[in-house]
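One structure is given below, encoded as structure tokens.
Every number in this text was worked out from the coordinates using simple rules, so none of it is lab data. Computed from a predicted model, the values in this text were never measured in an experiment. Here the Cβ positions follow ideal geometry from the backbone for every residue, glycine too, while neighbour counts run over all protein chains shown.
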Amino acid sequence: MTHPRTTPAARTGGPQDDAPAHGDTAARDAQGPESAAAPDAQAPEDANLLPTTDTHSTQPTLDTALASSPADLRRHLTTHLDPAARAWLEHALDEAAAHPGLHGPISAWELRLAEAGRRCGAAYADAARVLILDAARAGTDALTRVYFQGTAGERRAVLHALPHLVSGPGALPLVEDALRTNDTRLLTAAVGPYAARHLAPHDWRHAVLKCLFTGVPVDRVADLPRRARGDGELARMLGDYAAERTAAGRTVPEDLYRVLDLTESAGPAPGTDHPHGKES
């Protein structure tokens, strides 16, 4: 279906420049009750996520690798680290594998999570942390401790690691917490494969709206075509959001029309098994 497009206005700020107007109920729903708070403080490493001398960002490649298996991620990362960083990472992974789980107030591998940015560089810290969490076989309790006691970078690593370490919905509180922030990098990590598998339809729809509101590209929402397909309620919410922005004289994100087109796709045939064995 073809939808009318609006010409995007020039933007000089981030997603917060589009804070909802008093009557912008769809946007408020997307943000959630705690979104008025400032985004999580970023660790110093976040200030220079990518090398400023590199005109071709490495982040898309790293983001793709973060969604792959730990074995593939490890191969990807070790080809990019310098020898000193590679040696540190190998030692950290061996240490975590030898002493997995939680040990007292803080485990040795938790200390390595804190060092990852300094040892591997800001661009590769998230990936290194995911590998350490995997080597430590961190369960839901350990991941929860790291998430709520850690920096923004450590929280992202936990969210990226969830699909590999938690099989059921027990870690959803971590995803739900991340979805209440306006930190776009944390939101991007939150809408990965774990959320696609386990978020309830209502919460997943609001996560999509939150991405639209904060400017997180919808192609970062894992399994979006499948979950959006034939979702009439999501289509209604998108329509309301578009109408409110238009009424307020604001542009409608182009990504909104992309998702709306997906909702108008035919739904799965009756009796078709869900890919993850769980109905959305």
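The modelled label-to-label distance for the pair E233/Q149, using points 7 Å beyond Cα in the direction of Cβ, is 3.7 nm.
Would the stretch 175-266 count as rounded, prolate or oblate if I go by the C-alpha gyration tensor, calling it rounded below 1.5 in a/c and otherwise prolate when a/b exceeds b/c, oblate otherwise? It is oblate, given that a/c is not under 1.5 and a/b is not larger than b/c. Put a dot 7 Å past the Cα of T78, heading toward its Cβ, do the same for L111, and the two dots end up 2.5 nm apart.
If you stretched the chain out fully between R137 and S167, how much longer would it get, using 0.36 nm times the residue separation minus the C-alpha to C-alpha distance?
Length difference between fully extended and current span is 9.5 nm.
Taking 35 Å as R0, compute the FRET efficiency from the Cβ-Cβ separation of D94 and A222 and round it to 0.05. Step by step, r from the Cβ atoms, then E = 0.70.
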